[in-house]
Structure formats: structure tokens, C-alpha cells
Amino acid sequence: MKISSKGYYSIKALIDLAYNFSGKPIPLSHISERQHISLNYLEQLFVKLRRAKIVQSVRGPKGGYKLLKKPQDISIKAVIRALDISLAPVFCVEDDSKEKGCEHLEGCISYILWRKLGNQIAQLLDSINLADLIAEASKMKKEGVLDHDYMFYI
């Protein structure tokens, strides 16, 4: 399984949003600068995240975005799903695999492996949330492994 740039940059941006949240909305331009992500690309990603009710947009001169839930309530799986990214390791275990026409799906021994792997990936991503990643970054910073704030390389 390979996470697309949509997933990669969305997770980086949401970690930044959660890490820097002070109760006031954060402009995407600030996240764009800190994370070196194109502002136009962030805007496209946050439209999907807003529709999935992960973030809320606030209009006006002091506007921006804020999380709709606590960081511990936003799993990485929920973010990936909000962006319509498949968690399947191969096409035959995707939800619409029968429409893609694998004629050997029934009785396929390797299908068992790919289905189990897909389930494990989904469970792992569901068990990790934004708060977990922020806590890990804070721990690494205390240990001297990270020498900076809020740049999350995933």
C-alpha cells in the first residue's frame, strides 16, 4: 500500500493544526509556510476534510481552520477515508473489486493474504490518532531527537 500525496500532506497539515491550535482558527497560509505545502493544494485538501467533518472553516479576517474534534478523536484511518484513498494493498480487496473484474477472485488463495493484510492496515491506522503523533513528537523533542517544533516528516 502506498499513501498518496493527498494523504501524506493532509496528515502533516492536520498534525500542524492540532499542534498549534490555541482556540483560534489557523489560516492555511501559516500551515503552508510551516510545512512547505502549496497553499492551493492545501485548500483542495481541506475542502474534503471539511466535508468529512474533520475540520471547520471560519471566515473573516481572523479566519482559518480548526479541528471539529479533539486530536485524540481523529484517527489516521478517518483522514485517509475522508480523502477517498483506498487502504487495500491490492485491487482485489478493494470494496469495488468485483466491478474491476478479477475473474479468479473465488477460490484465490492469495486473496486471503491480501484481505488479512488490508484488515491489519485498517486496524493500525484506526488505532493511531493525531494526539498520539503529537505526543510522540513531544517525547522525541525532549529526548533531543527532534531539534525543532511542528515540522512533521512522515
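The values are calculated or read from the model by the stated rules, or taken from the named source; none is laboratory data. All of these numbers come straight from a predicted model, not from anything done at the bench. Backbone-built Cβ (ideal geometry, glycine too); neighbour counts: all protein chains shown.
For PRO89, the test of being farther than 24 Å from ALA131 by Cα, part of a loop (DSSP other than H, G, I, E, B) and in contact (Cβ under 8 Å) with a residue 24 or more places away in the chain is passed. Regarding segment 35-48, can at least one residue be identified that is assigned to a loop (DSSP other than H, G, I, E, B), in contact with a helix residue (DSSP H, G or I) (Cβ under 7 Å, 6 or more places away or on another chain) and closer than 28 Å to ASN119 by Cβ? No - not one qualifying residue is present in segment 35-48.
Per the conditions (1) under 22 Å from the mean Cα position of the chain (by Cα); (2) surrounded by 15 or more Cβ atoms within 10 Å (Cβ to Cβ); (3) at pLDDT below 95, the sole criterion not satisfied by TYR111 is (1).
Within 12 Å of the chain's Cα centre (by Cα) and on the phi > 0 side of the Ramachandran plot: does that describe ASP126? Spelling it out, it is not the case that ASP126 is within 12 Å of the chain's Cα centre (by Cα) and on the phi > 0 side of the Ramachandran plot.
Restricting segment 2-53 to residues that are farther than 18 Å from GLY63 by Cα and loosely packed, with under 13 Cβ neighbours inside 10 Å, the residue that is modelled with the lowest pLDDT is LYS2. Of the residues making up segment 1-27, those that are over 12 Å from the mean Cα position of the chain (by Cα) and of a type in the set (Gly, Ala, Ser) are ALA18, SER22, GLY23.
For segment 55-86, the tally of residues that are modelled with pLDDT of 95 or more, under 18 Å from LYS24 (Cβ atoms) and in a loop (DSSP other than H, G, I, E, B) stands at 0. Of all residues in segment 23-42, those that are farther than 19 Å from TYR8 by Cβ have Cβ atoms under 7 Å from Cβ atoms of residues that are in a helix (DSSP H, G or I) and at pLDDT below 95, 6 or more apart or on another chain, in ILE26/LEU17. Selection within segment 121-136: residues that are without any contact (Cβ under 8 Å) to a residue 60 or more places away in the chain, closer than 15 Å to ALA78 by Cα and of a type outside the set (Ser, Thr, Tyr). The member of this set that is surrounded by the most Cβ atoms within 10 Å (Cβ to Cβ) is ASN129. The set of residues in segment 54-69 being free of Cβ contacts under 8 Å to residues at least 40 places away in the same chain and closer than 24 Å to ALA135 by Cβ consists of GLN56, LEU68, LYS69.
Taking the criterion of being aromatic (Phe, Trp, Tyr) and assigned to a loop (DSSP other than H, G, I, E, B), the only residue of segment 6-26 that qualifies is PHE21. Regarding LYS100, is this residue of a type in the set (D, E, K, R), modelled with pLDDT under 90 and over 23 Å from ILE3 (Cα atoms)? So LYS100 fails the test.
Each residue in segment 113-134 was checked for being out of contact with any Ser or Thr (no Cβ under 8 Å at 6 or more places or on another chain) and not in a helix (DSSP H, G or I), and 0 pass.
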